[in-house]
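Only one structure is covered here, and it is reproduced in the block below.
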Amino acid sequence: MCGIIGYIGKKKAIPVIIDGLETLEYRGYDSSGIAYYNKKKELKIIKEQGKIAILKNILNLNEESNLGIGHTRWATHGQPSRINSHPHNVGNITLVHNGIIENYEELKKHPLVKNYKFISKTDTEVACAIINSLYNENQDILKSLEESQKLLMGSYALAIIVNNDFEHLYVMKKDSPLIIGVGNKENYVASDVPAILKYTKKYILLNEGDIGIVSNKNIKVYNQKKLVKKKILEFEWDLEAGMKNGYEHFMLKEIFEQPKVIEQTIKEYINDYDFINLPDLTKYNRIDIVACGSAYHTGLIAKYWFEEYCNMEINVDIASEYRYKKNFLDKKCLLIVISQSGETADTLASLRLVNDKKIDTLAIVNVVGSSIAREAKNVLYIKAGPEISVATTKAYSAQALLLSILAFKTSVDKKIINIKEKEQIINDYHNLSLYIQDILSNTKICESIAKKIFKANDIFFLGRKIDYAIVMEGSLKLKEISYIHSEAYPSGELKHGSIALINKNTPVISVITDENIALKTISNIKETKARGAYSIVLSSLNMDNNKECYDYLIKIEHIHSLVEPILPIIYLQLISYYIAKLNKRDIDKPKNLAKSVTVE
């Protein structure tokens with residue numbers, strides 16, 4: 001969840017590191033810091049609580065240095081403070097860390113550090129002290145890092161500089177993302193490629209247990225004491241994809257990128273009227289879908305699609321629960337894991353759990369070469385490009401779309417959907433980006449709704465069946481970026497307690513797309529109206545005979561139900577955005593949240 005950047009080469013290191021940290025802001029953080037050697041070969045460590053701008057203001061960006069490391073911290077052990085911020089230094093070792101050292105309390109009592117007095121509350125300082133003690137014993141940093149791997153339990157991506165070694169950066173990885181950027185007589189280390197995209201698109205992906213020695217001219221990677229040959233990869237996105245390009249926020253830019261993302265994803269998997277690059281799922285009796293946050297909500301939508309159109313048993317679980325529960329798996333089961341970053345810790349752990357049982361796995365991810373992409377038996381990529389805003393928009397839509405296409409293909413393979421219906425659905429897919437463009441061409445609808453309800457303390461969302469899955473994402477989006485308390489309920493549950501929370505002018509946002517149960521939902525909305533609620537309804541159905549159930553109606557294009565559920569979320573994303581903007585929130589970097597959740 002933290003961001004790591006390191007540099008060694010011919011440029012001034014401080015501006016390069018600050019550029020990298022600013023690019024990594026989207027990951028979420030509460031403090032930042034930098035360590036470097038200056039022209040006098042003095043080690044300087046400067047760190048501050050709060051925004052990177054605070055750190056930047058106290059740095060001399062012109063100070064000569066060709067070697068340094070930087071860090072953005074999202075607090076896990078110890079509150080946000082200068083003392084708990086990274087980099088940490090113990091003796092000869094200075095390092096930054098992403099991950100969690102699970103046995104850090106136990107390690108504090110280890111003979112290697114029994115005489116050391118810890119000054120921070122972090123697990124990272126413990127790792128630093130252990131590595132320093134090992135280095136003091138043998139004066140060999142590679143051997144020290146190899147020995148530390150036997151002691152450190154948990155997850156870590158480490159970037160390290162060693163006292164009086166002005167020619168090398170050292171890295172070590174386990175269960176947290178880390179790459180080495182390859183330049184011309186200069187090299188980089190980073191948590192994510194966007195941090196170095198301004199300088200190079202070439203990078204080396206580190207695997208579990210890798211230890212890297214990086215100089216300005218050479219990169220050596222070892223694993224289990226053996227030198228490993230590494231392939232140099234090239235990042236497929238460009239720097240412009242990570243820029244705002246005139247939009248006020250990355251979130252708004254990414255909302256407006258959805259027509260293009262939808263088009264690219266469809267082209268990847270549907271060629272005219274045939275499917276391409278997609279697996280056969282008909283051999284499975286059951287599918288488990290596992291994810292976190294918004295990705296979990298796409299799984300809930302997929303559950304309805306697969307059950308309705310494929311007659312398949314689908315279980316959807318939050319990854320942090322799935323990895324600890326008893327799962328009844330056999331060779332006729334498939335696990336689908338969904339993650340934008342491909343590094344989500346609980347999702348990755350669930351994948352590994354199922355891999356160990358020799359059950360088939362399929363990953364849906366956005367980042368090529370990510371841990372989940374590498375470890376799943378099969379992988380499908382959404383074509384969303386880099387998503388910088390912490391609150392996902394375009395990646396969510398692309399995930400939902402890809403799951404829809406998978407369910408569609410499976411239904412066709414099982415001969416449940418006939419040829420005529422297949423052609424209608426494919427036409428709806430091909431027109432989907434146009435429908436979304438129509439929504440984005442008139443955002444004033446969402447702005448006007450936001451102006452009506454942005455001062456509310458509580459906002460509730462209602463839906464049934466697939467509409468309930470949709471409003472769960474709408475509610476999450478709202479609370480993520482506006483900090484307004486929000487809940488999503490199956491509308492039939494209202495009378496079982498939650499209707500007690502409805503007061504005069506309480507906003508209630510409902511989605512109605514399923515004609516079979518529309519009247520049920522309408523009755524539930526009327527119950528909230530009878531108690532004074534301000535009702536906003538999004539529907540693809542004819543609501544002329546039910547005008548009394550809403551104060552504001554958003555009409556959704558009525559298309560096939562394998563495609564239609566992607567439309568209402570665009571409105572809900574926009575409403576959330578404008579509510580957050582009216583409340584003057586930090587929309588792209590909401591408090592306490594991180595983009596890539598790489599710790600449990």
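At a glance:
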| read-out | value |
| --- | --- |
| Failed condition for VAL126, given (1) crowded, with 21+ Cβ neighbours inside 10 Å; (2) farther than 14 Å from ILE100 by Cα | (2) |
| Qualifying positions in segment 432-457 - open to solvent by 60 Å² or more (accessible area, probe 1.4 Å) and outside any loop (DSSP other than H, G, I, E, B) | LEU434, GLN437, ASP438, LYS444, LYS451, LYS452 |
| Subset of segment 548-561 (residues that are buried (at least 16 other Cβ atoms within 10 Å of the Cβ) and within 16 Å of ILE436 (Cβ to Cβ)) | ILE554, ILE556, GLU557, ILE559, HIS560 |
| Residue within segment 176-193 that is of a type in the set (S, T, N, Q) and closer than 26 Å to ALA349 by Cβ present | yes |
| Test result for ASP413, farther than 19 Å from PRO565 by Cβ, of a type in the set (D, E, K, R), modelled with pLDDT of 95 or more and in contact with a Ser or Thr (Cβ under 6 Å, 6 or more places away or on another chain) | yes |
| Condition broken by GLU487, with the remaining ones in (1) assigned to a helix (DSSP H, G or I); (2) farther than 24 Å from GLU308 by Cα; (3) not hydroxyl-bearing (Ser, Thr, Tyr) satisfied | (1) |
| Enumeration of residues in segment 116-149 that are of a type in the set (D, E, K, R), touching a residue at least 24 places away in the same chain (Cβ under 8 Å) and in a loop (DSSP other than H, G, I, E, B) | LYS121 |
| Residue count, segment 137-182 (criterion: more than 28 Å from GLU105 (Cβ to Cβ) and buried (at least 18 other Cβ atoms within 10 Å of the Cβ)) | 6 |
| Qualifying positions in segment 304-338 - of a type in the set (A, V, I, L, M), farther than 30 Å from ASN516 by Cβ and within 18 Å of the chain's Cα centre (by Cα) | ALA319, VAL337 |
| Residue check, ILE301 of a type in the set (A, V, I, L, M), assigned to a strand (DSSP E or B) and either in contact with a Leu (Cβ under 8 Å, 6 or more places away or on another chain) or in contact (Cβ under 8 Å) with a residue 24 or more places away in the chain (or both) | no |
| Matching option when the condition is open to solvent by 30 Å² or more (accessible area, probe 1.4 Å), over 15 Å from ILE575 (Cβ atoms), of a type outside the set (A, V, I, L, M) and in contact (Cβ under 8 Å) with a residue 40 or more places away in the chain, among ASN516, ASN505 | ASN505 |
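The values are calculated or read from the model by the stated rules, or taken from the named source; none is laboratory data. Since this is a predicted model, take the numbers as computed values, not measurements. Glycine gets a Cβ as well: all are built from the backbone with ideal geometry, and neighbour counts include every protein chain shown. Heavy atoms of the whole protein, side chains included, go into the accessibility calculation; ligands, DNA and RNA do not. Shrake-Rupley method; radii C 1.70, N 1.55, O 1.52, S 1.80 Å.
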